[in-house]
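Notes follow once the structure below has been shown.
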Amino acid sequence: MTQTELVTKRLEGKIAVITGGSSGIGLATAHRFVQEGTYVFITGRRQNELDKAVKQIGRNVVGVQGDVSNLADLDRLYNTVKQQNDRLDILFANAGVVDFAPLGSITESHFDDKIRIDKILNVNVKGLVFTVQKALPLFHDGGSIILTASVAGSKGAHGSVYGASKAAIRSFARSWTVDLKHRKIRVNAVSPGVISTPMLSDQFKTNILNTVPMKRVGNPEEVAKAVAFLASDDSSYITGIELFVDGGIAQI
């Protein structure tokens, strides 16, 4: 956030859950939500990183360690929310893993510290489904669910399994818009492009930069602003969309 930027209180009094909230886009969004008046629960797999994130945010935040592919961890997350606030207004289902293995080198499971098909689908697809489904009892009618997809779901880039997992998320936003319309819960997807986060190596970002029309890497705060928009009443007539924050890479 720049010194001259005026942060509104669009989200004053809201309760939010952000999965994958200890770094990158999730952490930037947690900062943004708190600045706009939200009380935030963030999750992360590594307790030390989660503790650092909570300390960095400083106020109106609770960290709950867990893995979204572990259903018991999700139950513990939502039990914590219920005990402390008894409701949920915003869910940012952001946790995910990245792997760019090309066809021919895809393996079935976790091997030699490399993430492969089982892990990608367990976190990016199964984990997201149950992150949303288990949150629903806490939502009053109304509210906003934002899913982190990716330009990889639209572009034929490296990593067909990863891209397919993100294309599934875009489909979920459409289907769940229909499933939840009777409860007036809006569901949208945000699709980041090349963003400066710990998930992407400097070499990868350098290699892909020439394909970005704006000729630069995005930063997590730029995605956080888009997520805050989708979480707020400023987007009250928007549901089922995929909002690209990608410097134009998926648009040409």
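The values are calculated or read from the model by the stated rules, or taken from the named source; none is laboratory data. Note that this is a predicted model, so its numbers are computed, not measured. Note that each Cβ is placed from the backbone with ideal geometry, even for glycine, and that neighbours are counted across all protein chains shown. Please note that ligands, DNA and RNA were not included when accessible areas were found on the heavy atoms of the full protein model with its side chains. Shrake-Rupley method; radii C 1.70, N 1.55, O 1.52, S 1.80 Å.
The table for this structure:
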{"read-out": "From the options Gly44, Gly20, residue that is open to solvent by 10 Å² or more (accessible area, probe 1.4 Å) and under 17 Å from the mean Cα position of the chain (by Cα)", "value": "Gly20"}
{"read-out": "Odd one out for Thr43, checked against (1) polar (S, T, N, Q); (2) part of a loop (DSSP other than H, G, I, E, B); (3) closer than 27 Å to Pro137 by Cα", "value": "(2)"}
{"read-out": "All positions within the range 202-245 that are surrounded by fewer than 13 Cβ atoms within 10 Å (Cβ to Cβ), in contact (Cβ under 8 Å) with a residue 12 or more places away in the chain and either under 16 Å from the mean Cα position of the chain (by Cα) or in a helix (DSSP H, G or I) (or both)", "value": "Asp233, Asp234"}
{"read-out": "Test: residue in the range 71-94 that is of a type outside the set (Asp, Glu), assigned to a loop (DSSP other than H, G, I, E, B) and either more than 15 Å from the chain's Cα centre (by Cα) or surrounded by fewer than 19 Cβ atoms within 10 Å (Cβ to Cβ) (or both)", "value": "yes"}
{"read-out": "Enumeration of residues in the range 182-201 that are in contact with a Pro (Cβ under 9 Å, 6 or more places away or on another chain) and either among the small types (Gly, Ala, Ser) or surrounded by fewer than 22 Cβ atoms within 10 Å (Cβ to Cβ) (or both)", "value": "Ser196, Thr197"}
{"read-out": "Residue check for Ala101: touching a residue at least 12 places away in the same chain (Cβ under 8 Å), at negative phi, in a loop (DSSP other than H, G, I, E, B) and buried (at least 18 other Cβ atoms within 10 Å of the Cβ)", "value": "yes"}
